[in-house]
Structure formats: structure tokens, C-alpha cells
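Take a look at the structure below.
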Amino acid sequence: MRLLMIAALGLGLATPALADWQTTLDKARGQTVYWNAWGGDARTNAFIAWVGEQTEAKYGVKVEQVKLTDTATAVTQVISEKAAGKDSGGSVDMIWINGPNFVSMKEQGLLHGPFANDLPNAKYLDLGPDAAAAVDFTVPVEGYESAWRLARFVFTYDSAVVMDPPRDMAGFLDYAQNFPGRVTHPDVSNFMGATFLKQALVEFAPDQAALQLPATDAAFEAAVAPLWAWYDAMRPFMWREGQTFPENQSVQQQLLNDGEVDFGVSFDPASAAGAIAEGLLPDTARVFVPRGGSIGNISFVAIPYNAANREGAEVVANFLLDPATQAHQQNIEVLGSFSVLDPAKLSDAERAVFAALPSSPALPNLEDLGPTLLEPHASWMTKLVAAWGERYIK
Amino acid sequence: MKDGRALRIGVALALMGGVVLPIVAGFAQTARAAFGVLPAIGAVEWSLAPWHRLMDLPGFGTSLRLTLVTGLGSTVLALALAAGFCALMHGRMSHGAMGRLLMPYLAAPHAALAIGLAFLLAPSGWIARMVSPGLTGWDRPPDLATVNDGWGLALIVGLLIKEVPFLLLVMGSALGQLPVRQYLAAGRALGYARGVVWVKVILPQVYPLIRLPIFIVLAFALSVVDMAIILGPSNPPTLAVAIIRWFSAPDTGLILPASAAALLQAVVVALAIGAWILAEGVARWVGRWWLRRGGRGHRAEPGLWAAGSVVAGLMALGALALVSLVVWSFAWRWSFPQALPQSWSLKGWMTPGSGWGRALQATVVIGVAVTLASLVLAVAWLEGEDRARRGRAGWAQALIYLPLLVPQIGFLYGLNVLFLTIGISGGMLAVIWAQMLFVFPYVMIALSDPWRALDRQHLRAAAALGAGPWRRLVAVKLPMLVRPLMVAAAIGFAVSVAQYLPTLFMGAGRVATLTTEAVTLASGSDRRVVGVYAVLQAGLPFLAYGAALLVPAFVYRNRRGLLGVAV
């Protein structure tokens, strides 16, 4: 593994990028990039539309968002194209991706790259071997996807209803027992539902180090035993007695807004502030994270191996890393998702832009968010989802 | 006569190449993957492993059972309710009034109706809000599974709201071909109650005429996706939804068992139709015995009233569901237990540029193209039959309706691979072609009977005056058939607007129509935006039906004899 990483690093250094960049820009002019991204969030959709306006004005590259209900749809599309022998001129130019979808595409050679480390704006990233932007669910990125936005697992709640939110995942059991029917999580076939379980897994697992390695059967059984004990105790007290679950986090947010449940989940610390601004949650909505911190990862963009507008996609990926873009994205009035750039690599002027961004009472400080816990190796999530299905889908 | 044959051969070729071939090819691709061959993910060996894996997938058995219960249950119920309502209302309500009453339910796409219904029925939904906290004492919604319930009841209700009006429509036009009044009079004179005359005399004669639509309803209910996502159970969901989930799981290996399940879905539909045909035999046998017993059945009357009130209740639910979407589209904050929004906003409607404007445009362009092409093909087919002076062979009938009877999920994935191979996927053309598979049969259903019912005297008169076949078609038949042509076009357009899976698969996600956007957004949390899309989505077919009523009225404004023709 280490050898592989060193080799990849060597490759990255061996391609002198900047001279090529002008060629990329020239080829990209006039292209339309079909960006496949989950379309369930209106603010993200609006941000992507803004990106398209900017890149069209600056580089002559248009962006069309292909709004997905599930990222895996784009993966399936690329697989269909490969099945049909369409190895160039593919319909998916760029995918908002991470975790198992990324691992699956990378392993099957469905991704273009490495390209990410050659982007001019990659200089603002911390790409050290263990840095967040270089590892996706413990799998080395190796330049096959480019960082875009920071994701931190948080809970949303209405502070006018819930006075004392649970302090950790164990606390959710007490809460559910005191207030039956008020706790739920998204369906586990959904990424956020799986993340809810992973957060508990990380909190309860006796051996943290094992989670960073591919999951063996023995290690898995040992690690999940306390998780299932906790879940079995809580399930009868969950919403609809744990027999059914909201389809995804947006549906759960709607349940929170309707007052059917007391907590929502999100991968975006600004989600409560954003939802208030959109009128989707009451003004008293807030976020919290378990006291020991919460799982965090970075959302990436990747380019399929057969993308028709590869150069345009690289230009867009690079634009996303521009400090001005990242600051715009972090603006609570726009998207409110935290920057992926390494503050140490920014100039004073660039840092000042971030410092001057507006704030909101529903927006947590970085201190409130506590430490970022590492995502377990991607195999844990696959196994966890399958095992949950075995146990609880009847 | 020669050009009649050329026309027929042309239409048959278009249908074979355009309809049968894609479906067969799509199934072939799906079948390959179902038996282990999908080189793109490195699977190259024929095996039964995908089937074993499918059987072992958690919840597989429950999904299958849910599919059977909701599919068969809703179809049987819809038939019974529609028959009861028809028995009760026939003769008490004019055909035209009935048509106007049914129109909103036929025009509203499944997804839009389901979204509205989900909001209506939820424990925090509109009904609960209207009676809370006053009557119920709830200041927070109770934890009741009124939608997404484990038995699929909410899904059955949703299906009924769409299927009962459809069956009423086809029953209405079938009844037009029978001397109902005489039967009723004769039956009453012999002392039979009204309901019993219906069940014993009229229904057995109507049934053969509506058999095909019943099979279509059955096939649809067994394989519906969008409604099942929104109203059905989720853990596990019905088989069709589970298949979509497996097709789009991060673990690409699941595509193989998903393909096997897609084939199975087709088998389930075939078996269900087979079982239905067997049940028909039993019903015939029992029915004959029951007829001969000669009971006058006055006790059946309350049953009719019960069916009538259930149908009225379903229609009220459907209407409220659609109204709730309109209200949401103008809402800003609307929380439990307020009966109406606390604050209003036009924001949802104010952003056509980045939002609904383009989806609306794509929907209209695709809908018009699909409808026109289907109409031309249908007219060519019917005219071909006329010139050959023969009725429709059974195989031809089966061919036309094939796309409605085989589950979409069974061949769409394979069809996408095929379209990619010939290089037309991801564009409007692919979407238009794929939608035509499903629009053409409905246009044929709508057009066939009026076409055959055309008074042949006029044609003979035209021929005697020296008009050739083309002139008879253009100058006599088509103008006389403007009204049914418009109705067929409106139905075709409405079907096109509602297509979800074909647009999603063939458009590679790039072709965004109101329906794909509405279903995508329904996975988000903003009911207000969903409301805007759903209102537009339901509104477009409304306009089409409105045009179908107005255009003939304008064209025939000085042809009184044609204004009264019922369709």
C-alpha cells in the first residue's frame, strides 16, 4: 500500500502541470460539462448554477447539472456505457462523489486520472499522505478525484422543543426511551443512514485502529457487537417502532419540520442555518455534534474515464478550489459549507475574505464542532449496510 | 389496394423496429446480466449465481409479497369499486358530466398525486392539521404509520385514486356499445334489483370489452415505481422499488441480481395475468350457478351504495391532495398543527430561469413530438386496416399493447445499453422514442373504437363522387374524427408528461422533464418547490384535455350534427 502511494506521488511529481494547463484551458473553451450531482438540495443546485455562470464568463465552459436522486445512478450510467463499448464521448463529465462510489469506480478503472494534483489550485490543499483531501474513506485518492467541500456529520434539532439534546450516541437510547417515537435515521440503503450507524460504530467500537483497515469478518463481529446491543435496545422506541425509515436526510428534515421527529441528520454544519433561511426549519433550529466529535470527510468531484468534456471538467474542478469560490461557498447566505483549503497556504488577503463572511446564530463555530473523527475504511460501510439489512429487513 | 398493402407493411415495419425490437433487445441485455454476463463490471461467466444472490438479499420475500398484495389487491378493488359506482351512477349522470368529473384524476400524473396524498394522509398532514389540536388534542403529530405503512395500504389507496377513474372511463365507453336501458328495464320488470341486473346481466357483457384495460391496470400496479417510492413501505419496499435501489447501489455487483429481479418482475406480471385468466374461468362457473339460482338480490343494493361512497371518498382524497399541492406552492412556512400556511410566498414561482422553465419547455417539446408521432402512426395503422377491409388480428392487438403489459424495469436498463451502442442515448430523440413505446398504445386505445364507429355511409358517398382513398382520409374521415383525434392526443400528451423511468433511463439524467424533476425534488424536503412542479405537471395535461374539448367546438362551430357526437 505504502509503496503504491509513493509510486503515485512520484507520478504526480513527474508530470509538469502548468505548461499543460494552458492546453487544457484552450481545449475546454466551448465545452459543456454535465455535472452529475445529487439534486435534492435547492441551495447546492443554485450554487452549481452559479459555478456554471462563473466558468462560462471566465473560461467559456458551461455547466449543466444532471440532478440525481442517488449518486450511484451516475456510476451505473458509466457502467452501461462501458458495457456498450462507449469508451469515449461518454455522457457523464463530472460526478459529485465520495466513499464507496469512488472506491467502486476507481477499482474498476472507470475514472479519468490522476488529474487532481495537477490542477493549479491544488497548491492551496494539504495533500500530505494522511491529509483529509488525500484520503477518501481511508482509500488514497491518488489524484483520481478533486476536493470540493467539507462534510461533517451533525444532528439538527429544534431548540424550542428539545432542551437537552443527547450528548453522544449512547444518549440517543435514553432519549428514545424517554420520548418514544421521536428518534429515527434515514434508511440505511441511503448514505446518511449508513453514516448514522457509522457514527455509533466509531463511538462504540472497542478497537478504533481496526476501523481504519479493511474489515475482516472477525474484526467486524467484534466491532459491531456493542453497536447492535445499543440499536436493539433503541429500536422499539424509535419512530414507527423502527419498522420504517425516511428515504433520506431531506425527508427526515421534513419530518423534523413537521414535528414528527426531534432530530435531523446532515453532512453540512450549516444545514440548520441554511434551512432557516429557506423557510424549511423553524428559526429556533440548531445543530449539535456528539461530544466526542463526529465523522467528517470531504466531498470530491471525479471525472469518468470516458467523459466527453474532460478538459472542461478539469477547469470546473480547478475553479471549485479557487479561494474566492471556496469563500463564496462558505458564505452562509450561499451554501455555508466549510472550505476544504488549508488556511496555512492562503495569503493574508485571502484569509481576510473568509474572516469577513456573515454569521448566523444557527451556524456553529469550528470549536462547537469538536474533533473530526476519521471515516472507517469503505469496506466497513459496505459490511455494515449488508449486516443491518440481514438483521432488520424482514 | 396496392398502396393499402404498402401502408400496412410500412406501419408493421415501424412497429416491429420501433417497439418490438427495442423491447426484445432490452430484455436480452437484462437477461444476459441476470445470468451472470456483464463484461463492464468484469462478469463474463454464465451462471445462476445472480439468482441465488437475489434469493438471499434481505427482504426479497417480503418485497415480492408486497408487490403481489398491492398489485392484485388494488386491481381487484378498483374493478369492484368501479363496477359498483358505474351501476349506481349510470343513467343518473350524463356521459359528458362523468367525463368532466374524471378528467382531473386522469390528467394528474401519478407522482404529483402521490406527493399530495402523502402530505394529506401523514400523521402531520393536512387532515391531521385541520382537526388538531381542537378535536384530537395533538399539539405534536402522533406516531402512526398512515403513509409508508408496512402493509402498503397507503399505496393501494393511491393506486385506487388513479385506477378507478381509468376503469370508469373505459367502462363508460364500453357501456356505450350496449343497450343498457333495455336490459335494465327488462331486469326490473322481472323483479331484479338494479344492482343485481348490473352484476348478472350487464357486467358479464361489459367485462370482455374492458379486459385488456384491466390487464394494463394489473401490470401497472404490479410494477409501479414512483408512487411506490412516495407512498409505499420502505423497509423493504415493493419489488420494483427494490430493483431500482439494487440497480443504483454503490456495490456495482448488485446489478447482476437486480437484473435477475427485473426479469422476475416480468414473470410476476405474466403469472398474475395468467392467474387472473384462471380466476375468470372460476368466476364464470360460479357466476352461471349463481345466475341460475335466480335470486332477485335486493340485499345487494347497500353494497352498491357502499362502493359508491368509497369511490366518492377516494375522489375527495384525490382532489384534496391536488389542492394541497397548489396551497404548498404558495406557502413559505406551514408547520403543524396550522390548517393553513403561517406565511405565504411566491418564491417557488419566481425562478423559472434556473428552475421549472426549462423542465416545462422540455416536457412540452417531448410531449408534442411523441403525441404527433403516435397519432400519425395510429392513423396509418387504422387506415391500413380499413383499406385491407379486415379487423385486427390477435397478434397485432398483442403487439400494440405489449409495452403496457411488460414491466418497464425489465427492459429499460438493457434498452439503454442498446441505445448507447447505436449512439442515441442521453438525448431528446432517445427519450421521444422510448416514450412512444408507452404513448402509442394509449392513443390506439382511445382512437380505435371511434374510428370503427365512423358512419361508413359518408365514405361510400365520397367514393361514389370519385374521391380516392387518400382524399377520403383527408377530406372526410379525419375532419369527422377531429374530436376523438383530439381526445387521443390529449391522452397521449398526458401519458407522455407522466413518464418517469423511460425519461430517466433514456435521457441519461440529462433530459429533465417536470416529472423527473418532481420525483427528484420529492427526495428533497421542499414541498413548496415540489408543489410548483406538481402543479405544472398536473396542469399541462389539464390544458391538453381542455384543448381537446375546445378545438372540436371551434372547428365544428357551424356543423351542428358533429357537435353532439359522443366519444
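The values are calculated or read from the model by the stated rules, or taken from the named source; none is laboratory data. Being a predicted model, the structure only gives us computed values, none of them experimental. As a convention, Cβ positions derive from the backbone with ideal geometry for all residues, glycine included, and neighbour counts pool all protein chains shown. These area figures cover heavy atoms from the full protein model, side chains too; ligands, DNA and RNA do not enter into them. Shrake-Rupley method; radii C 1.70, N 1.55, O 1.52, S 1.80 Å.
Applying the set (1) in contact with a helix residue (DSSP H, G or I) (Cβ under 6 Å, 6 or more places away or on another chain); (2) assigned to a helix (DSSP H, G or I); (3) crowded, with 19+ Cβ neighbours inside 10 Å to A:Val353 leaves exactly one unmet item: (3). For segment B:96-115, indicate whether the set of residues that are charged (D, E, K, R) and surrounded by fewer than 20 Cβ atoms within 10 Å (Cβ to Cβ) is non-empty. Yes, there is a match, as at least one residue in segment B:96-115 is charged (D, E, K, R) and surrounded by fewer than 20 Cβ atoms within 10 Å (Cβ to Cβ).
Yes or no, residue by residue, for (1) modelled with pLDDT of 90 or more; (2) under 19 Å from B:Ala316 (Cβ atoms):
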{"residue": "B:Leu168", "(1), (2)": "yes, yes"}
{"residue": "B:Leu190", "(1), (2)": "no, no"}
{"residue": "B:Leu203", "(1), (2)": "no, no"}
{"residue": "B:Tyr207", "(1), (2)": "yes, no"}
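Taking the criterion of being farther than 27 Å from A:Trp96 by Cα and open to solvent by 10 Å² or more (accessible area, probe 1.4 Å), the residues of segment A:167-191 that qualify are A:Arg167, A:Asp168, A:Ala170, A:Gly171, A:Leu173, A:Asp174, A:Tyr175, A:Gln177, A:Asn178, A:Phe179, A:Pro180, A:Arg182. Does A:Phe191 meet the test of being within 12 Å of another protein chain (Cβ to nearest Cβ), among the aromatic types (Phe, Trp, Tyr) and closer than 17 Å to A:Ala387 by Cβ? Answer is yes for this residue.
Across segment B:510-542, the number of residues qualifying as under 24 Å from B:Leu429 (Cβ atoms), at pLDDT below 80 and open to solvent by 20 Å² or more (accessible area, probe 1.4 Å) comes to 1. Summed over segment A:246-283, residues that are free of Cβ contacts under 8 Å to residues at least 24 places away in the same chain and in contact with a Lys or Arg (Cβ under 6 Å, 6 or more places away or on another chain) total 1.
Candidates B:Val44, B:Val37: the one that is within 14 Å of chain A (Cβ to nearest Cβ), more than 30 Å from B:Phe438 (Cα to Cα) and without any contact (Cβ under 8 Å) to a residue 12 or more places away in the chain is B:Val44.
Annotation for segment B:326-333: at least one member residue is more than 14 Å from chain A (Cβ to nearest Cβ) and within 27 Å of B:Leu135 (Cα to Cα).
Criterion applied to B:Gly172, B:Gly195 was being closer than 21 Å to B:Val310 by Cα, touching a His at 6+ places or on another chain (Cβ under 8 Å), modelled with pLDDT under 90 and not aliphatic (A, V, I, L, M), and the one residue passing it is B:Gly172.
Of the numbered criteria (1) away from chain A (no Cβ under 13 Å); (2) assigned to a helix (DSSP H, G or I); (3) modelled with pLDDT under 95, the one B:Thr70 fails is (3).
Based on what the data block shows, is B:Gly176 touching a residue at least 12 places away in the same chain (Cβ under 8 Å) and surrounded by fewer than 16 Cβ atoms within 10 Å (Cβ to Cβ)? Give the steps one after another, and end with the answer.
On the way: touching a residue at least 12 places away in the same chain (Cβ under 8 Å): yes; surrounded by fewer than 16 Cβ atoms within 10 Å (Cβ to Cβ): yes.
So B:Gly176 fits the description; yes.
Checking each residue in segment A:290-321 for being open to solvent by less than 10 Å² (accessible area, probe 1.4 Å), within 14 Å of another protein chain (Cβ to nearest Cβ) and not small (Gly, Ala, Ser) picks out A:Pro304, A:Asn306. Annotation note: Cβ proximity below 8 Å between a residue of segment B:119-134 that is closer than 15 Å to B:Leu322 by Cβ and away from every other protein chain (no Cβ under 12 Å) and a residue that is open to solvent by 20 Å² or more (accessible area, probe 1.4 Å) and of a type in the set (Ser, Thr, Tyr) (sequence gap 6+ or interchain) occurs for B:Leu121/B:Thr146.
Can you find a residue in segment A:251-259 that is modelled with pLDDT of 90 or more and not in a helix (DSSP H, G or I)? There is at least one residue in segment A:251-259 that is modelled with pLDDT of 90 or more and not in a helix (DSSP H, G or I).
For segment B:242-253, which residues satisfy the criterion of being without any contact (Cβ under 8 Å) to a residue 60 or more places away in the chain and in a helix (DSSP H, G or I)? Can you show your working first?
Of the residues in segment B:242-253, the ones without any contact (Cβ under 8 Å) to a residue 60 or more places away in the chain are B:245, B:248-251.
Matches in segment B:242-253: B:Arg245 only.
Scanning segment A:22-62 for residues that are buried (at least 17 other Cβ atoms within 10 Å of the Cβ), more than 14 Å from every other protein chain (Cβ to nearest Cβ) and among the small types (Gly, Ala, Ser) turns up just one, A:Ala28.
Any residue in segment B:447-458 that is of a type in the set (Gly, Ala, Ser), assigned to a helix (DSSP H, G or I) and in contact (Cβ under 8 Å) with a residue 60 or more places away in the chain? Step through it out loud before you land on a result.
First pass over segment B:447-458, keeping only residues of a type in the set (Gly, Ala, Ser): B:448, B:453.
Applying the additional criterion that residues be assigned to a helix (DSSP H, G or I) yields B:448, B:453.
So of that shortlist, the ones also in contact (Cβ under 8 Å) with a residue 60 or more places away in the chain come out as B:448.
Yes, segment B:447-458 has at least one match.
Of the residues making up segment A:104-124, one or more are facing chain B (nearest Cβ under 8 Å) and either at pLDDT below 90 or assigned to a helix (DSSP H, G or I) (or both). Would you confirm whether or not segment A:335-347 contains a residue that is over 21 Å from the mean Cα position of the chain (by Cα), small (Gly, Ala, Ser) and open to solvent by 10 Å² or more (accessible area, probe 1.4 Å)? Yes, that holds for at least one residue.
Among the residues of segment A:208-250, which ones are open to solvent by 30 Å² or more (accessible area, probe 1.4 Å) and either within 14 Å of chain B (Cβ to nearest Cβ) or not in a helix (DSSP H, G or I) (or both)? Hits for segment A:208-250 are A:Gln208, A:Leu213, A:Pro214, A:Thr216, A:Arg235, A:Pro236, A:Phe237, A:Glu241, A:Gln243, A:Glu247, A:Gln249. Within segment B:406-423, the set of residues being open to solvent by 10 Å² or more (accessible area, probe 1.4 Å) and more than 11 Å from chain A (Cβ to nearest Cβ) comprises B:Val406, B:Gln408. Among the residues of segment B:210-240, those that are assigned to a helix (DSSP H, G or I), open to solvent by 10 Å² or more (accessible area, probe 1.4 Å) and within 12 Å of another protein chain (Cβ to nearest Cβ) comprise B:Asp226, B:Ile229, B:Ile230. From the list B:Leu167, B:Leu178, the lone residue that is within 26 Å of B:Leu102 (Cα to Cα) and part of a helix (DSSP H, G or I) is B:Leu167. Taken together, A:Gln243, A:Gln199 contain a single residue that is closer than 21 Å to A:Ala387 by Cα and without any contact (Cβ under 8 Å) to a residue 12 or more places away in the chain, which is A:Gln243. Residues that are surrounded by fewer than 22 Cβ atoms within 10 Å (Cβ to Cβ), more than 9 Å from every other protein chain (Cβ to nearest Cβ) and part of a strand (DSSP E or B) do occur in segment A:267-289. The lone criterion from (1) open to solvent by 50 Å² or more (accessible area, probe 1.4 Å); (2) under 29 Å from A:Phe245 (Cβ atoms) left unmet by B:Ala270 is number (2). Within segment B:139-159, one or more residues are open to solvent by less than 50 Å² (accessible area, probe 1.4 Å), β-branched (Val, Ile, Thr) and within 30 Å of A:Glu390 (Cβ to Cβ).
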